[in-house]
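Before any comments, here is the structure.
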Amino acid sequence: MPLNRRKEREIVFRMLFAASFSPEEETDALYERLVTEWEEEGARESAYVKRVFCGARDYAPVAEEKIASAAQGWKLERLSRATRAILTLALFEMERAEDVPQRIAINEAVELAKRYGEDGAKKFINGILGTLSERS
């Protein structure tokens, strides 16, 4: 059964979060391991999940520089792994995924923050992404 984009995005977020615990593992191998272990229905068949997970994971160092520049007074180390994963995914979609409008990427990031983020994460994420979207 094909997944809708919101579910695909949630799977990618969860994969990026899991990847933060395995920083040395090669991206393609990690992708294969996660989709196999999780047995998430439709994930393996989704070109979006693979493309965005692999792309966002490789893009993470660039995303972290941008987040650090926009998060005045905050050190990246203080941000939760979930917040960093959401921001990385959203920035990748905003800057590299031609089929995702910026406003959709921001809205979906806020929705993920409501579900998976700590208190205040949705406002923080919305603010960072809004700042970065204005710069581009």
- prompt: Condition test on residue 100, is it touching a helix residue (DSSP H, G or I) at 6+ places or on another chain (Cβ under 9 Å), at pLDDT below 95 and of a type in the set (A, V, I, L, M)?
  reply: yes
- request: Considering only residues that are more than 20 Å from residue 20 (Cα to Cα) and small (Gly, Ala, Ser), look in region 72-122 and name the one that is surrounded by the most Cβ atoms within 10 Å (Cβ to Cβ).
  value: 105
task: Would you tally the residues in region 3-43 being aliphatic (A, V, I, L, M) and within 14 Å of residue 60 (Cβ to Cβ)?
output: 6
query: Quick check, is residue 25 touching a helix residue (DSSP H, G or I) at 6+ places or on another chain (Cβ under 6 Å) and either under 24 Å from residue 126 (Cα atoms) or surrounded by 12 or more Cβ atoms within 10 Å (Cβ to Cβ) (or both)?
result: no
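The values are calculated or read from the model by the stated rules, or taken from the named source; none is laboratory data. Only a predicted model underlies this, so the values are computations on that prediction, with no experimental measurement involved. Neighbour counts run over all protein chains shown; Cβ positions are idealised from the backbone, glycine included.
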